[in-house]
1. Pairs, please: C-beta under 7 Å, at least 6 apart or cross-chain, first residue farther than 19 Å from MET142 by Cα and in segment 75-104, second of a type in the set (S, T, N, Q) and surrounded by 12 or more Cβ atoms within 10 Å (Cβ to Cβ)?
2. Looking at PHE32, PHE71, which one is farther than 15 Å from LEU147 by Cα and assigned to a helix (DSSP H, G or I)?
3. Answer with yes or no whether SER114 is crowded, with 20+ Cβ neighbours inside 10 Å, not β-branched (Val, Ile, Thr) and not in a helix (DSSP H, G or I).
4. Residue check: is SER11 surrounded by fewer than 18 Cβ atoms within 10 Å (Cβ to Cβ), under 15 Å from ASN116 (Cα atoms) and not basic (Lys, Arg)?
5. Say whether the condition of being of a type in the set (S, T, N, Q), within 16 Å of THR120 (Cβ to Cβ) and out of contact with any helix residue (DSSP H, G or I) (no Cβ under 6 Å at 6 or more places or on another chain) is met by at least one residue in segment 79-100.
6. Considering each residue of segment 48-64, count those that are under 18 Å from the mean Cα position of the chain (by Cα) and not β-branched (Val, Ile, Thr), and give that number.
7. In the set ALA168, ALA187, which member is farther than 16 Å from ILE101 by Cβ, in the same structural domain as LYS150 (by TED's automatic domain parsing) and in contact with a Phe, Trp or Tyr (Cβ under 8 Å, 6 or more places away or on another chain)?
8. Let me confirm something: among LEU161, LEU147, LEU125, LEU157, which residue is more than 11 Å from ALA6 (Cα to Cα), in a helix (DSSP H, G or I) and either in contact with a Gly (Cβ under 9 Å, 6 or more places away or on another chain) or outside the structural domain of ALA184 (by TED's automatic domain parsing) (or both)?
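The values are calculated or read from the model by the stated rules, or taken from the named source; none is laboratory data. Because the structure is a prediction, the values reported are computed rather than measured. Here the Cβ positions follow ideal geometry from the backbone for every residue, glycine too, while neighbour counts run over all protein chains shown.
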Amino acid sequence: MTIYDAVLFDSDGVLVEPPPVETQTDATRAAFRAVGIEDPDRQHIDAIVSGVSVDELHEICSAYELEPKTFWEARERHDEESQFAEFRDGSRAQYGDVCAISDFPAAVDCGVVSNNHHSTIEFVLKQFALESFCDTYYGREMTIESLRLKKPNTHYLECALDDLSVSAESALYIGDSKSDIVAAERAGLESVFVRRSHCREVELDTTPTYKIESLHDVAELVSG
């Protein structure tokens, strides 16, 4: 007997370690240099690293008379390359408890839905040999407009559910952030908040269905 037909995972902070702020900051500085800005305002860098909105991005680019599309392409390219490098050199790793997925019943479909680039999620699945468990996966496109579709927007969650042909009521979403839990609630999924070391003190505004310390606990939830 299974309780859920599908389990969807966030990637960063759930399957793999999240990108360090320092790495994202360096990548953002490199992007500014690539478009001719040698000394960007630290507040602008912080805004981009912390999750810039479309309107904020346009305001930042306006301050330097930059074409937003040109800058964003540079930012996404440098951010992607910095992530690939850390996965390759082992400074960013998969969590040890990801092996718990192998304990899920065969009838349960699995997928990944992340705010990271779609190309980065594809890289992660290949790098850590997770393709065999993953029936569908979504990250965002490397476009400015994709910022509007990030969680807590439900767009990519709904795309994954459509791919798996399962209802929201029969699916579980596992995340490590406020936006993950809000997105799950908005989409009608039950949710799991994983308290990793980086989110130990996070206070949630939306109550998840479950709070866990390890993905091994998810295997028990799914099996019933």
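1. GLU86/THR23; PHE87/GLN127; ASP97/SER214
2. Details: PHE71 fails: farther than 15 Å from LEU147 by Cα.
Matching residue, one of PHE32, PHE71: PHE32.
3. On the way: crowded, with 20+ Cβ neighbours inside 10 Å: yes; not β-branched (Val, Ile, Thr): yes; not in a helix (DSSP H, G or I): yes.
The answer is yes for SER114.
4. Working: surrounded by fewer than 18 Cβ atoms within 10 Å (Cβ to Cβ): no; under 15 Å from ASN116 (Cα atoms): yes; not basic (Lys, Arg): yes.
Answer is no for this residue.
5. Of all residues in segment 79-100, those of a type in the set (S, T, N, Q) come to 82-83, 91, 94.
Then keep just the ones that are within 16 Å of THR120 (Cβ to Cβ); that gives 82-83, 91, 94.
Going one step further and asking which of them are out of contact with any helix residue (DSSP H, G or I) (no Cβ under 6 Å at 6 or more places or on another chain), we end up with 91, 94.
Looking for residues that are of a type in the set (S, T, N, Q), within 16 Å of THR120 (Cβ to Cβ) and out of contact with any helix residue (DSSP H, G or I) (no Cβ under 6 Å at 6 or more places or on another chain), one finds at least one in segment 79-100, hence yes.
6. 3
7. Working: ALA168 fails: in contact with a Phe, Trp or Tyr (Cβ under 8 Å, 6 or more places away or on another chain).
Selected residue: ALA187, the only one of ALA168, ALA187 that is farther than 16 Å from ILE101 by Cβ, in the same structural domain as LYS150 (by TED's automatic domain parsing) and in contact with a Phe, Trp or Tyr (Cβ under 8 Å, 6 or more places away or on another chain).
8. Working: LEU161 fails: more than 11 Å from ALA6 (Cα to Cα); LEU125 fails: either in contact with a Gly (Cβ under 9 Å, 6 or more places away or on another chain) or outside the structural domain of ALA184 (by TED's automatic domain parsing) (or both); LEU157 fails: either in contact with a Gly (Cβ under 9 Å, 6 or more places away or on another chain) or outside the structural domain of ALA184 (by TED's automatic domain parsing) (or both).
Sole residue among the options that is more than 11 Å from ALA6 (Cα to Cα), in a helix (DSSP H, G or I) and either in contact with a Gly (Cβ under 9 Å, 6 or more places away or on another chain) or outside the structural domain of ALA184 (by TED's automatic domain parsing) (or both): LEU147.
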